[in-house]
Amino acid sequence: MGKKVKMADIAAKLNVSTVTVSKALSGQKGVSDEMREKIKALAKQLGYKQPSQVKNSKKNGGYNIGIIVPDKYFGKYESFYWMMYQELATIAVRKECFTMLEVISPEDENEKVLPKLLKERKVDGAILLGRPESGYINKLRAEVDIPIVCLDFFDESSNCDAVISDGYYGTYMLTNHLFDMGHEDIAYVGTLLYTSSITDRYFGYCKSIMEHGKKVLKEWVIDDRDWETGDVNLFKIQLPNPMPTAFVCNCDLTASILIKTLREHNYKVPHDISVVGFDNYLYPGLCDIGITTYDVNVKEMARRSIKILLKKINKEIYKSGVSIVEGTIVYKDSVKKRNS
């Protein structure tokens, strides 16, 4: 029996990525017509069988996986989620699975219109990347009978399996670092309850503040985005009065905008004010200094999400609930020791 042809074999012969091969064979956008035809022709020549043809004989691969993302997470500078999607697609093709992306428009999210990939059962399972508005997941689970994993958020009302980063302890450690550097007046920047991640990180900040004998001041909890649209880059961050000596931001994008705002008010970072972020990812060119941050292990989050989803599809025993992926602090240039 000849060796089974994989997407990687086709990709190697045409000098393209396996993600490109996956898109071409599944009819997705992002591949030129000329390349799509070359890929299809070579696949036929080599005897490659698409997942739908061999699904019943495979245990851990050969499935169509939907990646569902609310549009608000794919904004101009929200590239963290594009990076997450790319990791998911890369890991999926290693399992000989196709990924199919569908972005939920703000209108469909508000009106609770379910994704076509799920309604029309074009996929065997789905990963919901980024939390949609309240109630959307409940309707999705009530009307769609396929395995689902939530990635980068947890929705307690839907009892959905989830993979998240350790926002609570990550931000706790970042705030502790600021105390270690001599800061005692520390503010938090993030619109509470907008996402579970922002809120989890806030509580990590609170834990550190209280353990150091300080009070969490209402005026030092600062919004960073428009509640309706979720825009961060267009939101005007309001600096508090009195000013703290350090800020803990819920993400690196917010940290970069805060640094710009501080400079507009003649504060120097880190000479006058120290700033930390979260994610360890920032759109190139948004900030000219390195931001001390918490590095989210995107590859492990994606790997674990795919693994759990495949176990659910195959009806295997797995550990349900919330899976928390630890990261590490990355020390850069945005924090300065106080009184040094």
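Key figures for this structure:
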item	result
Condition broken by residue 261, with the remaining ones in (1) in contact (Cβ under 8 Å) with a residue 40 or more places away in the chain; (2) assigned to a helix (DSSP H, G or I); (3) of a type outside the set (Lys, Arg); (4) not assigned by TED's automatic domain parsing to the domain that holds residue 74 satisfied	(1)
Lone unmet requirement of (1) outside the structural domain of residue 204 (by TED's automatic domain parsing); (2) in contact with a helix residue (DSSP H, G or I) (Cβ under 6 Å, 6 or more places away or on another chain) for residue 172	(1)
Residues of the range 301-330 that turn out to be over 25 Å from residue 176 (Cα atoms) and part of a strand (DSSP E or B), as a count	1
Which listed residue, of 143, 156, is at pLDDT 85 or above, out of contact with any Asp or Glu (no Cβ under 9 Å at 6 or more places or on another chain) and not small (Gly, Ala, Ser)	143
Scan of the range 87-108 for residues that are part of a helix (DSSP H, G or I) and surrounded by fewer than 16 Cβ atoms within 10 Å (Cβ to Cβ), ordered by number	94, 106, 107
Entirely in the range 109-209, the strands (runs of 3 or more DSSP E) that have 1 or more residues that are within 29 Å of residue 318 (Cβ to Cβ)	125-129, 148-151, 162-165
Among residues of the range 281-296, those that are under 15 Å from residue 248 (Cβ atoms) and without any contact (Cβ under 8 Å) to a residue 60 or more places away in the chain, counted	1
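Residue by residue, here is whether (1) farther than 19 Å from residue 283 by Cβ; (2) charged (D, E, K, R) holds:
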position: 205; (1), (2): yes, no
position: 209; (1), (2): yes, no
position: 239; (1), (2): yes, no
position: 243; (1), (2): yes, no
position: 252; (1), (2): no, yes
position: 261; (1), (2): no, no
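The values are calculated or read from the model by the stated rules, or taken from the named source; none is laboratory data. Every value quoted in this text rests on a predicted model; they were computed, and no experiment measured them. A quick note on method: Cβ atoms are made from the backbone with ideal geometry, for glycine too, and the neighbour counts reach across all protein chains shown.
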